[in-house]
Structure formats: structure tokens, C-alpha cells
């Protein structure tokens with residue numbers, strides 16, 4: 001479907017006593033990668049919120065393969081796996097500077113109303129952007 005690469009450096013505060021990136025920080029980097037994928041197709045998270053829609057994570061799954069350390073340059077390859085009804089699924093593959101796969105993850109996101117948190121359809125402009133860019 002749609003894939004986007006997002007690069008970042010492991011910052012010092014994101015490491016633990018073992019000198020590796022703490023597992024809790026993968027969540028924030030995958031969040032950033034997901035919204036950068038949307039930005040790459042012309043949709044900002046702000047525009048989704050302004051359309052009255054929030055996107056909470058309803059499921060996450062991680063597979064830790066290798067560790068990573070402070071100041072390493074990493075690449076998250078994010079892919080929209082599917083979009084159906086009020087949900088969208090993302091896949092993440094995290095690579096180190098040697099292009100070795102160090103982590104895999106999946107998230108399931110729901111579209112909900114900003115004020116009532118009830119499941120709702122994704123904004124039409126987001127669906128259109130996904131459709132147009134999936135064809136490329």
C-alpha cells in the first residue's frame with residue numbers, strides 16, 4: 001500500500017542503564033513515523049483533529065530483535081497495511097545504520113469522534129489521500 005521512511009537518532013534520555021534504547025521509547029518513534037507517513041501524502045494530524053476525529057491506538061505488537069544505542073541513526077519503514085471501516089493498521093520495520101532489522105511492530109488505530117469518542121469514519125480527505133497515493 002503506502003510506505004514511508006522516517007529517520008531519527010537515539011537521544012541520550014531515551015537510553016536505559018544498560019545503554020540501550022528503552023523499550024517504552026519505541027512507541028513514541030513509531031507514533032512520529034506514522035504521522036510523518038500521513039504528512040508525506042499531504043495530511044497532517046492537526047487537520048484530522050480539526051475535522052473532529054481522533055486516532056487512538058487500540059492494539060500494539062512489538063518484536064525486539066536487536067538492541068540499539070545512544071546516537072545511532074535509525075530508519076523506521078512504516079506501511080499502511082489496511083484500512084477498513086473505522087480502523088487502520090500500520091506495520092513498522094526499524095533498521096539500524098547497517099540496514100539490519102532490529103525491531104518489527106504493528107499498530108491498530110481507531111477513528112473516533114473528538115467530542116464523544118464514538119467510532120466514526122476517517123475524514124474523506126484522508127481516505128482520498130490514501131487512495132491516490134496507494135496507486136503510485
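Confirm whether residue 133 is in a strand (DSSP E or B) and either surrounded by 12 or more Cβ atoms within 10 Å (Cβ to Cβ) or at positive phi (or both). Full working, then the answer.
Working: in a strand (DSSP E or B): no; either surrounded by 12 or more Cβ atoms within 10 Å (Cβ to Cβ) or at positive phi (or both): yes.
When the stated conditions are applied, residue 133 does not pass them.
Of the residues in region 45-88, how many are in contact with a helix residue (DSSP H, G or I) (Cβ under 7 Å, 6 or more places away or on another chain) and free of Cβ contacts under 8 Å to residues at least 40 places away in the same chain?
So the count comes out to 1.
Taking region 82-116, which residues are surrounded by fewer than 17 Cβ atoms within 10 Å (Cβ to Cβ), more than 22 Å from residue 41 (Cβ to Cβ) and modelled with pLDDT of 95 or more?
Hits for region 82-116 are 97, 98, 99, 100, 101, 104, 113, 116.
Could you give me the residue pairs with C-beta distances under 6 Å whose first residue belongs to region 25-44 and is surrounded by fewer than 14 Cβ atoms within 10 Å (Cβ to Cβ), whose second residue is part of a helix (DSSP H, G or I) wherever it lies, and which are 6+ apart or on separate chains?
42/129
Only one residue in 91, 106 is at negative phi and either free of Cβ contacts under 8 Å to residues at least 40 places away in the same chain or more than 15 Å from the chain's Cα centre (by Cα) (or both). Which one? I'd like the intermediate steps shown before the answer.
Details: 106 fails: either free of Cβ contacts under 8 Å to residues at least 40 places away in the same chain or more than 15 Å from the chain's Cα centre (by Cα) (or both).
None of the others qualify; the one that does is 91.
Please go through (1) buried (at least 17 other Cβ atoms within 10 Å of the Cβ); (2) within 21 Å of residue 3 (Cβ to Cβ) for residue 123 and return the number of the only condition it doesn't satisfy.
(2)
Quick grid of which residues meet (1) modelled with pLDDT of 95 or more; (2) outside any loop (DSSP other than H, G, I, E, B); (3) under 29 Å from residue 118 (Cβ atoms); (4) in contact with a strand residue (DSSP E or B) (Cβ under 8 Å, 6 or more places away or on another chain):
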position: 5; (1), (2), (3), (4): yes, yes, no, yes
position: 17; (1), (2), (3), (4): no, no, no, no
position: 26; (1), (2), (3), (4): yes, yes, no, yes
position: 30; (1), (2), (3), (4): yes, yes, yes, yes
position: 37; (1), (2), (3), (4): yes, yes, yes, yes
position: 42; (1), (2), (3), (4): yes, no, yes, no
position: 46; (1), (2), (3), (4): yes, yes, yes, no
position: 60; (1), (2), (3), (4): yes, yes, yes, yes
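Restricting to region 69-80, name every residue that is at pLDDT 95 or above and surrounded by 14 or more Cβ atoms within 10 Å (Cβ to Cβ).
72, 74, 75, 76, 77, 78, 79, 80
Look through region 48-58, keep the residues that are more than 12 Å from the chain's Cα centre (by Cα) and assigned to a strand (DSSP E or B), and return whichever of them is farthest from residue 11 (Cα to Cα).
Per the stated criteria, the residue is 53.
The values are calculated or read from the model by the stated rules, or taken from the named source; none is laboratory data. Please read all numbers here as calculations on a predicted model, not as lab measurements. We place every Cβ from the backbone using ideal geometry, glycine too, and count neighbours over all the protein chains shown.
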